[in-house]
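First the structure, in the form of structure tokens, and then the observations on it.
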Amino acid sequence: MFEVPPRRTHTCGALRATDIGATVTLDGWVASNRDLGGCAFIDLRDRYGVTQVKFDPTVNAALAAAAAAVRPEWVVGITGVVVSRGTNTNKQIPTGEIEVEATEIVVLNQAETPPFPVRDEVTASEELRLQHRFVDLRRRPIQKNIVLRAEVTHVVRQFLHENGFLELETPILTKSTPEGARDYLVPSRVHGGEFYALPQSPQLFKQLYMVAGFDRYYQICRCFRDEDLRADRQPEFTQIDMEMSFIDREDIYELCERLMSRIWKFVHNHDIQLPIPRISYDEAMARFGVDNPDMRYGLELQDLSALSADGFPFPLFADAVAKGGVVKGIVVPNGGDISRKSIDDYTAKAAIFGAKGLGWAKLTAEGWTGGISKFFDAGWQTKIAGAMGAKEGDLLLFVADLAKVANPALGNLRKLIAAERGFIPADSYKFVWVTDFPLLDYDADAGRWVAMHHPFTSPRPEDVPLFDTNPGEIRARAYDLVLNGIELGGGSIRIHDTRLQSKLFSLLGIGEEEANQKFGFLLKALKSGAPPHGGIAFGFDRLMMLLSGATSLRDVIAYPKTASASCLMTEAPGPVDDAQLRELGIALAKPRG
Ligand code: ASP
């Protein structure tokens with residue numbers, strides 16, 4: 001053993017044929033060692049690549065024996081001479097033309113046998129991988145994602161810096177900032193019985209920066225939301241958070257489009273088509289049934305309700321319209337081969353959104369067959385098929401219900417069927433801005449209005465009179481950027497007028513006293529010279545998932561939590577000492593078992 005480790009001259013991914021003859025030192029992890037034709041070989045790995053190292057016992061028997069004794073994942077330093085591999089070139093790796101003939105090996109540290117091999121493909125469970133994430137992170141697919149994440153972070157910082165943004169921090173120990181989730185609370189030792197909340201977003205602080213005059217803010221920040229178990233949600237996640245003063249929606253769209261272009265050019269050398277199209281929330285719901293439409297394929301929802309004027313011969317259609325609902329449908333091109341079993345499955349999927357049934361019919365040369373065909377004579381069949389642009393061989397699916405049921409039921413079937421039937425083109429990026437979301441949503445269980453985005457979102461000025469008459473119709477100056485059916489981020493122009501903010505609070509059932517207690521500082525700030533302002537936040541983990549082609553958020557986060565919000569490596573959350581609890585003045589209602 002040597003006390004002073006050798007200093008590497010190159011990384012394990014650097015050497016090429018042009019280096020032949022050079023004496024080099026490499027440090028890294030033993031990816032594998034083997035004996036081939038009497039020679040010992042080590043594949044030495046670091047995050048830059050793998051280099052083959054050869055130990056010839058006829059040149060130095062002791063060295064070859066030392067090399068044969070090392071195990072996978074040991075950390076070693078190797079000095080030697082770069083030689084050609086001759087005809088044994090390995091075309092799979094960039095260093096494949098050369099190998100290093102070792103003159104020295106230093107074991108820098110031994111390692112226990114890893115719980116799973118450090119290979120691109122492993123059969124180990126994700127649980128085991130997350131328990132040993134420090135080993136898992138050595139695997140190339142994960143490592144690539146983490147490196148890409150760092151690079152994209154840099155691209156974002158550079159872009160925003162070039163555009164005059166300041167990277168400004170906001171507190172982590174703070175007061176609740178409502179974004180629609182539960183807060184993570186942190187007990188205060190100094191103020192017994194009181195709690196900080198971890199930020200669900202820096203929303204209020206970024207607005208206060210605007211009031212203070214820092215007119216272009218950004219932060220790549222961590223947000224915390226305590227939501228119920230959901231696959232692929234993380235309790236802490238990263239946002240690219242931005243806010244600007246003296247701007248309108250157009251400025252935000254323009255800036256974000258340039259930011260996305262920069263990122264896609266950097267990662268995929270892909271030119272996003274600008275400007276990104278926009279559709280209103282109402283249009284998105286009407287045509288696609290969801291507020292995050294996937295624009296890569298058609299299969300749009302069609303509204304047949306107007307045909308009720310001719311008196312639908314099918315009572316369920318007629319009733320739905322009579323009750324204020326809609327009759328909507330989709331045409332599955334060449335869907336005539338879809339089995340009864342699949343249609344039953346679609347019906348079950350539609351039921352998840354409250355649809356009481358799914359009408360269907362197949363178009364054949366002899367007219368409609370199956371499902372609800374028998375309710376429609378030839379005239380009606382032609383009329384409906386004509387209205388929907390359907391042709392022989394297609395399958396028609398219908399939902400007759402309230403719009404709030406029919407839209408999501410068909411919208412989600414649309415996604416499912418597009419995936420099943422191969423309608424989604426590969427390597428296609430279809431961005432869309434969804435705008436003019438409703439300001440409010442009615443929570444029927446709680447019997448009150450809730451903010452659809454957050455309670456600091458500005459209504460469209462022309463809709464302000466609706467506060468007193470029809471709050472459900474107020475449209476917000478809010479927008480989401482959606483890519484391939486996935487929401488990348490969202491934001492809004494904010495309320496900068498105290499009276500309007502108070503009015504919205506009271507509509508949300510937040511009385512004056514509660515408003516002052518929770519958001520007094522905001523109301524004061526709005527009175528102290530607040531400029532018009534607005535912003536947006538992008539979900540950075542999700543963005544990285546889409547950019548890297550990963551299928552799980554956990555594959556783009558170095559130290560992720562599981563669906564039940566635990567960290568399998570550190571075993572957080574965990575119990576704390578009784579002494580710590582006493583100091584905090586906390587008694588557990590349910591003693592630990
Ligand atoms: N704070 C918002 C969010 O986290 C984003 C924004 O309105 O800028 O969704």
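The values are calculated or read from the model by the stated rules, or taken from the named source; none is laboratory data. Keep in mind that what you see is a predicted model, and the values were worked out from it rather than measured. No Cβ is skipped: glycine too gets one built from the backbone with ideal geometry, and neighbour counts run over all protein chains shown.
Here are some notes:
- Residue satisfying condition, being of a type in the set (S, T, N, Q), farther than 22 Å from ARG47 by Cβ and in contact with a helix residue (DSSP H, G or I) (Cβ under 6 Å, 6 or more places away or on another chain), within set THR174, THR170, THR123: THR170
- Of the residues making up segment 509-544, those that are part of a loop (DSSP other than H, G, I, E, B) and either within 16 Å of the ligand (Cβ to nearest atom) or modelled with pLDDT of 95 or more (or both) are LYS527, SER528, GLY529, ALA530, PRO531, PRO532.
- Flag if ARG34 is basic (Lys, Arg), surrounded by fewer than 16 Cβ atoms within 10 Å (Cβ to Cβ) and either in contact (Cβ under 8 Å) with a residue 24 or more places away in the chain or assigned to a strand (DSSP E or B) (or both): yes
- Criterion (closer than 20 Å to ASN109 by Cβ and in contact with a helix residue (DSSP H, G or I) (Cβ under 9 Å, 6 or more places away or on another chain)) met by exactly one of ALA68, ALA40: ALA40
- Restricting attention to segment 169-187, the residues that are assigned to a loop (DSSP other than H, G, I, E, B), surrounded by 16 or more Cβ atoms within 10 Å (Cβ to Cβ) and not aromatic (Phe, Trp, Tyr) add up to 7.
- Tally, over segment 230-250, of residues that are among the small types (Gly, Ala, Ser) and either within 14 Å of the ligand (Cβ to nearest atom) or touching a Ser or Thr at 6+ places or on another chain (Cβ under 7 Å) (or both): 1
- Any hit, segment 447-466, residues being within 12 Å of the ligand (Cβ to nearest atom), out of contact with any His (no Cβ under 6 Å at 6 or more places or on another chain), assigned to a loop (DSSP other than H, G, I, E, B) and among the polar types (S, T, N, Q): yes
Quick grid of which residues meet (1) within 13 Å of the ligand (Cβ to nearest atom); (2) modelled with pLDDT of 95 or more; (3) closer than 30 Å to ASP427 by Cβ; (4) not aliphatic (A, V, I, L, M):
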{"position": "VAL190", "(1), (2), (3), (4)": "no, yes, no, no"}
{"position": "TYR196", "(1), (2), (3), (4)": "no, yes, no, yes"}
{"position": "LYS206", "(1), (2), (3), (4)": "yes, yes, no, yes"}
{"position": "ASP228", "(1), (2), (3), (4)": "no, no, no, yes"}
{"position": "ILE252", "(1), (2), (3), (4)": "yes, yes, yes, no"}
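- Pairs with Cβ under 8 Å, 6+ apart, first in segment 403-429 and more than 18 Å from ASN334 (Cβ to Cβ) and in contact (Cβ under 8 Å) with a residue 12 or more places away in the chain, second among the polar types (S, T, N, Q) and surrounded by 15 or more Cβ atoms within 10 Å (Cβ to Cβ): SER428/ASN484; TYR429/ASN484
- The residues of segment 51-76 that are among the β-branched types (Val, Ile, Thr) and touching a Leu at 6+ places or on another chain (Cβ under 7 Å), listed by number, are THR51, VAL53, VAL75, VAL76.
- Extreme residue, nearest to the ligand (Cβ to nearest atom), among residues of segment 147-177 that are among the small types (Gly, Ala, Ser) and at pLDDT 95 or above: GLY164
- Test: residue in segment 434-442 that is more than 16 Å from the ligand (Cβ to nearest atom), modelled with pLDDT under 95 and over 25 Å from ARG340 (Cβ atoms): yes
- Checked against the criterion of being among the hydrophobic types (A, V, I, L, M, F, W, C) and surrounded by 22 or more Cβ atoms within 10 Å (Cβ to Cβ), segment 344-351 has at least one qualifying residue.
- If the condition is being farther than 24 Å from MET242 by Cα and either within 16 Å of the ligand (Cβ to nearest atom) or of a type in the set (Gly, Ala, Ser) (or both), then segment 472-507 contributes GLY472, SER502, SER506.
- Within segment 291-345, the set of residues being under 20 Å from ASP401 (Cα atoms) and among the small types (Gly, Ala, Ser) comprises SER305, ALA306, SER308, ALA309, GLY311, ALA318, ALA320, ALA322, GLY324, GLY325, GLY329.
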